[in-house]
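Engineer: To start, I am sharing the structure in question, which I have written as structure tokens.
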Amino acid sequence: RYAEVKSKLLADASTPTATRTAVLRFLDRPETFYDVVAPLTAAGTDPALRLEAVRTVTRISDPEAARLLLRLATDPANPANLRAEAVFGLASQTEDLTAALIGLLEDQDAAVRVEAARALRSKSLAPA
């Protein structure tokens, strides 16, 4: 029942941004809401809501989530803070994203480069 209410609040564009952002912050199983959360990462979404949606996707370890984060991280049209957040999320993905992260070390934005280095460091420290 609560899951349905949360999904409706997130999907309804008339729900205030602050409410939708709060719902995202307190999702206990974000993977069950991926289909509702992923569209909120799109350009044109309120910037605060979009950033929180990206943060929510970073908590989902799934190939589809990894592809979304990679697209967001590598698109220079996205704001630097959003791209850096997406890179942060790539570090926790089970997909092998080493090549993509290495490429991001040469990004034009310093925040993205720093997060790429951190992600690579965490991947290299993770047990095999």
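Engineer: Using a 1.4 Å probe over the heavy atoms of the protein chains, calculate the carbon and sulfur portion of the accessible area of the chain as a whole percent.
Structural biologist: In the chain, the share of accessible area belonging to carbon and sulfur is 56 percent.
Engineer: Using θ = phi - 60° and the Karplus curve 6.51 cos²θ - 1.76 cosθ + 1.60, what whole-Hz ³J(HN,Hα) does each residue of the range 71-76 get, with Gly and Pro shown as x?
Structural biologist: Taking θ as phi minus 60°, the curve returns 4, 5, 5, 9, 8, x Hz for the range 71-76.
Engineer: Calculate one ³J(HN,Hα) per residue across the range 11-27 by plugging θ = phi - 60° into the Karplus curve 6.51 cos²θ - 1.76 cosθ + 1.60, and present them in order as whole Hz with x for glycine and proline.
Structural biologist: Result, ordered by residue: 7, 7, 4, 7, 5, x, 4, 4, 5, 4, 5, 5, 4, 4, 4, 10, 5 Hz.
Engineer: Another question about this same structure. Would you mind working out the accessible area per residue for the chain, using a 1.4 Å probe, and quoting it in Å²?
Structural biologist: Dividing the accessible area of the chain by its residue count gives 56 Å².
Engineer: Now for a separate question. For the range 13-89, just say rounded, prolate or oblate: build the C-alpha gyration tensor, square-root its eigenvalues into a ≥ b ≥ c, call rounded for a/c under 1.5, and beyond that prolate if a/b exceeds b/c, oblate if not.
Structural biologist: It is oblate, given that a/c is not under 1.5 and a/b is not larger than b/c.
Engineer: Going 7 Å from the Cα of Thr74 along its beta-carbon direction, which residues of the range 101-118 have the amide nitrogen within less than 14 Å of the resulting point?
Structural biologist: Counting only backbone N, you get 101-107.
Engineer: While we're looking at this one, here's another question. As an exercise, identify the chymotrypsin sites (Phe, Trp or Tyr not before Pro) in the range 2-84 lying in DSSP coil whose Cβ has no more than 16 other Cβ atoms within 10 Å.
Structural biologist: Phe26
Engineer: Same structure, new question: Could you give the length gained by full extension between Tyr2 and Ala111, i.e. 0.36 nm per residue of separation minus their alpha carbon distance, to one decimal place?
Structural biologist: Full extension from Tyr2 to Ala111 adds 35.6 nm.
Engineer: Treating the angle as unsigned and between 0 and 90°, give the value, to the nearest 10°, between the Cα long axis of helix 47-57 and the longest Cα principal axis of the chain.
Structural biologist: Taking Cα atoms only, the helix is inclined about 70 degrees.
Engineer: Using the Cα gyration tensor of the range 78-128, with a ≥ b ≥ c the square roots of its eigenvalues, what is the shape: rounded (a/c below 1.5), prolate (a/b larger than b/c) or oblate (neither)?
Structural biologist: prolate
Engineer: Determine, from the Cβ-Cβ distance of Asp46 and Arg121 and an R0 of 30 Å, the FRET efficiency 1/(1 + (r/R0)^6), rounded to the nearest 0.05.
Structural biologist: It comes out at approximately 0.40.
The values are calculated or read from the model by the stated rules, or taken from the named source; none is laboratory data. On a predicted model such as this, the values are computed, not experimentally measured, just so you know. For neighbour counting, all protein chains shown are included, and Cβ atoms are generated from backbone atoms with ideal geometry for every residue, glycine included. Only protein heavy atoms, including side chains, enter the accessible area calculation; ligands, DNA and RNA are left aside. Shrake-Rupley method; radii C 1.70, N 1.55, O 1.52, S 1.80 Å.
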